[in-house]
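Presented below is the structure to which this report refers.
The values are calculated or read from the model by the stated rules, or taken from the named source; none is laboratory data. A quick note: this is a predicted structure, and the numbers were derived from the prediction, not measured. Cβ placement follows ideal geometry from the backbone for every residue including glycine, while neighbour counts extend to all protein chains displayed. Accessible surface is based on the protein model in full, side chains and every heavy atom, while ligands, DNA and RNA are left aside. Shrake-Rupley method; radii C 1.70, N 1.55, O 1.52, S 1.80 Å.
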Amino acid sequence: MPVKTSKAFLTVLGVPEVPQISGFISPVMEGDRMELTCKTSGSKPAADIRWFKNDKEVKDVKYLKEEDANRKTFTVSSTMNFKADRSDDGAVVSCRVDHESLNSTPQIAMQVLEIHYLPSVKIIPSTLWPEEGQSITLICESKGKPLPDPVLWTKDGGDLPDPERMVVNGRELNINSLNRTDNGTYRCEAANSIGLNSAEYVLIIHDVSNILLPTTVIPSLTTATVTTTVALTSTVPSATAINTRDPNAMAEKDATDHAVIGGIVAVVVFVTLCSIILLGRYLARHKGTYLTNEAKGAEDAPDADTAIINAEGSQVNAEEKKEYFI
């Protein structure tokens, strides 16, 4: 009886080892180049390695595959090279090993980056339009790693000239009762172990806001219209003046100026129309006079001829009469 045989091919998979990341140095200075290598051994067939930074895959990497000494499995490695930036501080770098023996659960190695960088400095004023008598706060915003030391404030290259009015509170400089002597360049310096950085702010003190408000006086019909302009300051209270200007908001300042100009134009147009009406009325009333002559004694004449004769005789003494158009 013949013997039946069959053949089967068995493939043995080599499960890759847990990956390791090498080349990491902490902390890293901003601007330095970093070279990280992810390596895993024992895979068959060769495993695949992928890099991620904050869950975003990095494509520009180098891949290397080597056969192990047993000539059955492989060791694979991948290298990522990049320049350290302050935006990378706290980023999570991970390398992921994909292999058919791992099914849907890849092996992952992770590393958190720590980047040290020079402080960045910015000065933020509390108002964009400082005026005499007001107060202003300059905020020195500094960011760096390690955290910057307490900031240093100076004016025009020297110490603050009036410590009683110029008070430093942490990163803030408060200046009270502003006057023209406070004009100048204010400098904020921040430093850490990496270095020193600074920012400057030029302070210009403006005069107290002035607004011109028109007032119109309408006299009697026989006089002319008089328009006067009174200058009112925001520091003197007045029952007839309303100061609509907000010196702390440049956008509202422009809108207020347009409103005031529109009001002035409207008043000027109104006054002009009133003047024209009054002038026309005056000219109409004084347009002119004329003479009328009426015959004396014409009423007692018996007929028309006698009335004419009587009228000619009395024309010399005719009475002048005036009539006016109103």
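When region 45-90 is filtered for residues that are under 44 Å from the mean Cα position of the chain (by Cα) and assigned to a loop (DSSP other than H, G, I, E, B), the ones remaining, listed by number, are ASN54, ASP55, LYS59, ASP60, ALA84, ASP85, ASP89, GLY90. Could you list, in sequence order, all residues of region 95-128 that are buried (at least 18 other Cβ atoms within 10 Å of the Cβ) and in a loop (DSSP other than H, G, I, E, B)? Listed by number, the residues that qualify are HIS99, LEU113. Output the residues belonging to region 18-44 that are surrounded by 20 or more Cβ atoms within 10 Å (Cβ to Cβ) and part of a loop (DSSP other than H, G, I, E, B). Across region 18-44, the qualifying residue is only PRO19.
Among the residues of region 149-167, is there at least one that is under 30 Å from ILE115 (Cβ atoms), among the acidic types (Asp, Glu) and under 25 Å from the mean Cα position of the chain (by Cα)?
no
For region 154-204, a residue qualifies if it is polar (S, T, N, Q) and assigned to a loop (DSSP other than H, G, I, E, B), and the qualifying residues are ASN176, SER177, ASN179, ASN183, ASN192, SER193. Within region 149-158, identify whether any single residue is among the hydroxyl-bearing types (Ser, Thr, Tyr), surrounded by 15 or more Cβ atoms within 10 Å (Cβ to Cβ), closer than 30 Å to THR37 by Cβ and in contact with a strand residue (DSSP E or B) (Cβ under 6 Å, 6 or more places away or on another chain), and answer yes or no. No - not one qualifying residue is present in region 149-158. Based on what the data block shows, is LYS143 open to solvent by 50 Å² or more (accessible area, probe 1.4 Å) and either modelled with pLDDT of 95 or more or closer than 20 Å to ASN192 by Cβ (or both)? Yes.
Remark: pairs (first residue in region 244-273, assigned to a helix (DSSP H, G or I); second residue open to solvent by 60 Å² or more (accessible area, probe 1.4 Å) and modelled with pLDDT under 80; Cβ separation under 7 Å; 6+ apart in sequence or on different chains) = THR256/THR244; VAL271/THR227. For region 111-147, the set of residues classified as under 30 Å from ASP85 (Cβ atoms) and without any contact (Cβ under 8 Å) to a residue 24 or more places away in the chain consists of VAL112, ILE124, listed by residue number. Of the residues contained in region 205-215, none is found to be assigned to a loop (DSSP other than H, G, I, E, B) and over 30 Å from HIS258 (Cβ atoms). All conditions but one from (1) hydrophobic (A, V, I, L, M, F, W, C); (2) in contact (Cβ under 8 Å) with a residue 12 or more places away in the chain; (3) open to solvent by 40 Å² or more (accessible area, probe 1.4 Å) apply to VAL167; the one that does not is (2).
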